[in-house]
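Peer 1: Please read through the structure below; I'll follow up with questions.
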Amino acid sequence: MSVKNVIRHSGWICWKDLLEFSRSKLRLIMLVLMPLFMMVMVGFIFPSGSTISDTPIALVNNDTGTLGSSFVTQLETINNQTGMMDLRSAQDFNDIKTKLQNNDINGGIIIPENFSSDIRSGKQGLITIVIDQSNPQMSLTIQAVLTKTIEAMGKQTAIYNMNSTFHVSIATATSMVTPYTVESKGIVPGEPNYFQFVAPGIIAMVVMMALMTGLPHAISYEKDIGTLDGMLAAPINRLSIILGKVMAQTVRGMIQGFIILILAVVLFGVVIEGNILLVIFLILLTVFSFVGLGILITSFTDKEETATMVMMTLMFPMMFLSGVFFPLQQMPWYMQGIAKFLPLTYATTALRKVMVLGADITAVWSDVLILVGFGIILLAIAVPMFQRAMSK
Amino acid sequence: MIRMETENTQTTHQFKCPHCGTIGGYIGKPGERLIVTCVACNSKGRITIPGATQPQSTNGNAIEITHLRKLFGDFPAVDDVSFVVKKGEIFGLLGPNGAGKSTIIRMLCTLTRPTQGTASVAGYDIIKQAGKVRQHIGLVSEKMIMYDELTARENLKLFGKLYNLPNELLHKRIDELLSFVRMEKWADHRINTFSTGMKQRINVIRALVNQPEILYLDEPTLGLDPQSTAEIRELTKRINAEHGTTIILTTHIMFEAEALCKRIGIIDHGKIVALDSPANLKKLISGTDVTTFEIEIANLEPQMITAVQSLSSVKSLVQEDPSHLLVRTTGDDAFDNIIDTLRKKNATVRMVKNLEPSLEDVFLHLTGREAREKVSENNTSNARPRHGPGRRRAKRIR
């Protein structure tokens, strides 16, 4: 049987699968909804940056002097401009504790009794920030924001004091109080944002998911309902069947990948810096690197249910260990080691380089080679297994 | 108009040039691939002459099975089966569920590899020439081979394409097949809008899309209502008569086998226990003591049935209606025993009729006690535990 025939037959099987798919309205709706949910979900459940808004914070002013109240006034003025906090008053530390336990507030600020007297006597005025230990992500953010704000307020006060006490100009006072200033500059325009980080990974992941869940489903389902026998009894190569299924699932995955791409650009302000053709090539390469695994699982699972279970078990670790949602560098060394054996890691890295940093093929060629390697090795194992499984 | 570059001249088929659209006739052996030149635009192209190639065997057998055996683990689903199916006949494989009928069909369709032995289908070996075999067969399996979301026409088109039928021929074939089962009006409706009977008609013609020499019908009337069952049986006859297709039919319904098949192989526990025409099979028991009585009792009561059933000479008993019993017996004294028993129970016997032997009698005779004993004799050399769904019935008969 010629290669041309294998491809022609697989084309018809792909046509059949897609036609079947397009006939189900619910499946079509899900095709669009799934990437939408995915994008909205990961976009909003993970904190994007270090800003907070309208976060309830309790404020305790125990200061007996006047500096405490002027600090509060200053904080309120800043807060009115930024809208970071929803400031509420509280009695003391224990009051804050109760309110934190009741989940009424996310943190607290305490100005101690001797705040004014300490400053007046030439010491530093201490301000305590109370954090919620049950919510590490939030407390980190609050801690950072409040520290930064209070420090800025302190500098502001220092500059004002220098200006009024020693009659130095505001500019000189500023350069004396804060001699260093920092400016962040990316290699491509725009602020770093979480969507920008996560979109390439999600595209790679969704394409992988479509293939990994769709392929075993498509084959074992047809085995279960008996239609696979019709194809096996026809004079076609077994490879045509799997190739046709792969093509159909790839089209499905690509459609979802593109929906994410469009959503990311239109709704979440993601900018694709690199060549879009390179992006498509990388997505197709991702498919190629996974196909073998999908076929392998299809070959040794007899029932649809088993296939789905095996897929889920493999897919979840891959999703979380491949740096789709969290940077690999944050993980302990052994986890990073595992990630090195997952093709999704390389797909995500390469896509991210191209989409976010505008890299060209020379920057990702090593990822490309590794993905090709994964694809070839997995297929070399999977195809003979599949041929054997189909002629039991 | 078109010059062709081959000497084989058996059939002429029309092909449309993909470049200029000129239709030309090309001559070649069915199934042959040719490189042809279109005279109108001079472009070269490759075509495949449609239709089945001539089978290699010339001895008039569509299928020859030799010592076919299939083990599932230790369990022999098919146990040393040999038989031939003649070209153009409807051959029946009759047996209870789990007897091995479907496994034989699956091996003949190249879907399952035999553990031992082989078979030739349309002159090709099912193991070495599986690809060739597949070109000449059509399969109607127990489960329908159709996609519910697709229309009847789309289903036929898909499978036609898998057999490399060129578009024009395929469209013609699809229309012919649809009108063959009077489903033209439903051609573009989805399968999931059809009744089971309609589905099965499409399922059968789907297996005919490649004009197979041999058609396998594996329990084609299973789960159909009486009307659809009759339709499918009629269709089976018409396919055989009008297309000359050799048909292997598996069934567990005696009547179906008797009504359709020229020859019947009775299969039980993976073995062929008898193979002949229905008439000859019935002759098998004419010399034996298997007799079926139809008994009419005016005051039929459950306790009478129980009493008759408990007689050793009674092999089976069916109550046909409130006053009629159908009793299958062995032994010369069976009639006397039944009448005595019924008298004791004060039954008013209105009529007793000795019925002609039916295929059902043959089947019970062969797969019942005597056949069992023969089987156990054969198996004393290898003490292999026998299991399978057929066993339960055998026990009851004992």
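Peer 1: How far is the Cα center of the range A:112-167 from the Cα center of the range B:142-203, in Å?
Peer 2: That distance is 80 Å.
Peer 1: Note down the nm distance, to one decimal, between modelled labels 7 Å out along Cα→Cβ at A:Ser391 and at A:Ala144.
Peer 2: Distance between the two pseudo-spin positions: 6.0 nm.
Peer 1: While we're looking at this one, here's another question. Report, by chain and number, residues whose modeled amide H sits under 5 Å from the one on B:Ala274, excluding near sequence neighbours (fewer than 5 apart, same chain).
Peer 2: Distant-sequence amide H within range of B:Ala274: B:Ile266.
Peer 1: A further question follows. Order by neighbour count: A:Leu369, A:Leu67, fewest other Cβ atoms within 10 Å first, most last.
Peer 2: With the sparsest Cβ surroundings first, the list reads A:Leu369, A:Leu67.
Peer 1: Which one, B:Gly21, B:Gly160, B:Gly244, has the greatest fluctuation when you compute a Gaussian network model over chain B with C-alpha springs under 10 angstrom?
Peer 2: Largest GNM mean-square fluctuation: B:Gly21.
Peer 1: Another one. Among B:93-103, B:140-150, B:322-332, how do they line up from the highest to the lowest mean number of other beta-carbon atoms within 10 Å?
Peer 2: Descending mean neighbour count gives B:93-103, B:140-150, B:322-332.
Peer 1: Work out from phi, with θ = phi - 60° and the Karplus expression 6.51 cos²θ - 1.76 cosθ + 1.60, the ³J(HN,Hα) of each residue of the range A:322-335, listed in order in whole Hz, and give x for Gly and Pro.
Peer 2: Running phi through 6.51 cos²θ - 1.76 cosθ + 1.60 with θ = phi - 60° gives 9, x, 6, 9, 10, x, 4, 5, 6, 7, x, 4, 5, 5 Hz.
Peer 1: Additional query: Please compute the length gained on full extension between A:Thr178 and A:Ser70, using 0.36 nm multiplied by the number of residues separating them and subtracting their Cα-Cα distance.
Peer 2: Net length gain for the segment: 36.6 nm.
Peer 1: In addition: Can you order the peptides B:12-19, A:254-261 by their average number of other Cβ atoms within 10 Å per residue, highest first?
Peer 2: Taking the mean over residues of other Cβ atoms within 10 Å, the ranking is A:254-261, B:12-19.
Peer 1: List the aspartates and glutamates whose Cα sits under 18 Å from the Cα of B:Lys344, skipping any in the same chain fewer than 8 residues away.
Peer 2: Straight-distance partners of B:Lys344: B:Glu296, B:Glu301, B:Asp333, B:Asp336.
Peer 1: If you don't mind, another one. Provide the FRET efficiency to the nearest 0.05 for the B:Asn299-B:Ala230 pair, computing r from the beta carbons and using R0 = 41 Å.
Peer 2: The value I calculate is 0.65.
Peer 1: Next question, about the same structure. Among B:Lys199/B:Lys262; A:Lys25/B:Lys132; B:Lys16/B:Lys157; A:Lys303/B:Lys101; B:Lys101/B:Lys172; B:Lys101/B:Lys128, which pairs are too far apart, with a Cα-Cα distance over 30 Å?
Peer 2: Those over the limit are A:Lys25/B:Lys132; B:Lys101/B:Lys172.
Peer 1: Taking every residue in B:136-145, how many Cβ atoms of other protein chains lie within 10 Å of its Cβ, on average?
Peer 2: What the average comes to for B:136-145 is 4.
Peer 1: Hey, rough spin-label estimate for A:Asp104 and A:Leu19, points 7 angstrom out along Cα→Cβ, what's it come to in nanometres?
Peer 2: Going by the 7 Å Cα→Cβ label model, 6.7 nm.
Peer 1: With θ set to phi - 60° and the Karplus curve 6.51 cos²θ - 1.76 cosθ + 1.60, what are the ³J(HN,Hα) couplings of the range A:69-74 in order, to the nearest whole Hz, using x for Gly and Pro?
Peer 2: Values per residue, Gly and Pro as x: 5, 5, 4, 4, 4, 4 Hz.
Peer 1: Give me the percent of DSSP beta bridges within the range B:61-278 that run antiparallel, rounded to the nearest 5.
Peer 2: Once the DSSP bridges in the range B:61-278 are tallied, antiparallel ones form about 55 percent.
Peer 1: Using modelled backbone amide H atoms (1.01 Å from N, in-plane), which distant-in-sequence or interchain residues come within less than 5 Å of A:Leu87's amide H?
Peer 2: A:Ile57
Peer 1: Continuing with the same structure: Can you put B:Tyr163, A:Tyr334 in order, fewest other beta carbons within 10 Å first?
Peer 2: Starting with the residue having the fewest Cβ neighbours, the order is A:Tyr334, B:Tyr163.
Peer 1: Please arrange A:His9, B:His252 by counting, for each residue, the other beta carbons lying within 10 Å of its beta carbon, fewest first.
Peer 2: Fewest to most other Cβ atoms nearby, the residues stand as B:His252, A:His9.
Peer 1: Can you work out the FRET efficiency for the pair A:Met312 and A:Ile338, with r the C-beta to C-beta distance and R0 = 22 Å, to the nearest 0.05?
Peer 2: E(calc), rounded to 0.05, equals 0.75.
Peer 1: Still on this structure, I have one more. What residues have an amide H closer than 5 Å to that of B:Asp80, excluding those fewer than 5 places away on the same chain, when H is modeled at 1.01 Å from N in the peptide plane?
Peer 2: B:Arg69, B:Lys70
Peer 1: For labels at B:Leu326 and A:Asn79 in the simple 7 Å Cα→Cβ model, what's the distance in nm?
Peer 2: 9.2 nm
Peer 1: Can you check what the net charge comes to around B:Gly160, using other residues whose Cβ is under 14 Å from the Cβ of B:Gly160 (Lys, Arg +1; Asp, Glu -1)?
Peer 2: Charge balance in the 14 Å sphere: +4.
Peer 1: As a check on your grasp of the helix formula, calculate [θ] at 222 nm for chain B: sum -39500 (n - 2.57) over DSSP H runs of n ≥ 4, divide by the residue count, round to the nearest 500.
Peer 2: For chain B, the value works out to -9500 deg cm²/dmol.
Peer 1: Next question. Have a look at A:Gly244, A:Gly190, A:Gly269 and tell me which one the Gaussian network model of chain A (Cα, springs below 10 Å) gives the largest fluctuation.
Peer 2: Among A:Gly244, A:Gly190, A:Gly269, the largest mean-square fluctuation in the Gaussian network model of chain A belongs to A:Gly190.
Peer 1: Turning to a different aspect of this structure: Which shape class, rounded, prolate or oblate, goes with the range A:46-175 when its Cα gyration tensor gives a ≥ b ≥ c as root eigenvalues, a/c under 1.5 marks rounded, and past that a/b bigger than b/c marks prolate?
Peer 2: Oblate.
Peer 1: Here's a follow-up. Restricting to bridges with both residues inside the protein assembly as shown, how much of the DSSP beta-bridge set is antiparallel, in percent to the nearest 5?
Peer 2: Among the beta bridges of the protein assembly as shown, antiparallel pairing accounts for roughly 65 percent.
Peer 1: Of the beta bridges DSSP finds with both residues in chain B, what % are antiparallel, to the nearest 5?
Peer 2: 75 percent
Peer 1: Another question about this same structure. Residues of B:122-135, mean number of Cβ from any other protein chain within 10 Å of their own Cβ, rounded to a whole number?
Peer 2: The shielding value for this peptide is 1.
Peer 1: Counting only pairs 8 or more residues apart or on different chains, how many lysine pairs in the range A:63-158 have their Cα atoms under 26 Å apart?
Peer 2: 4
Peer 1: Moving to a separate point now. Considering every residue in B:106-112, what mean count of other chain Cβ atoms within 10 Å of its Cβ is obtained?
Peer 2: Across the residues of B:106-112, the mean count of other-chain Cβ atoms within 10 Å is 3.
Peer 1: Please give the helix A:136-165 orientation as an angle from the longest Cα principal axis of chain A, in degrees from 0 to 90, rounded to the nearest 10.
Peer 2: Approximately 30 degrees, to the nearest ten.
Peer 1: Which net charge results when you count Lys and Arg as +1 and Asp and Glu as -1 among the other residues whose beta-carbon is under 12 Å from that of A:Ala350?
Peer 2: 0
Peer 1: How large is the helix-only mean residue ellipticity at 222 nm for chain A, computed as the sum of -39500 (n - 2.57) over DSSP H runs with n ≥ 4, divided by its residue count, in deg cm²/dmol to the nearest 500?
Peer 2: -23500 deg cm²/dmol
Peer 1: Ok, one more. If you put +1 on each Lys and Arg Cβ and -1 on each Asp and Glu Cβ, how big is the dipole of chain B around its Cα centre, in Debye rounded to 20?
Peer 2: 1160 debye
We did not get these values from a lab; they are worked out from the coordinates using the rules stated. On a predicted model such as this, the values are computed, not experimentally measured, just so you know. Note that we place each Cβ from the backbone using ideal geometry, even for glycine, and neighbour counts take in every protein chain shown.
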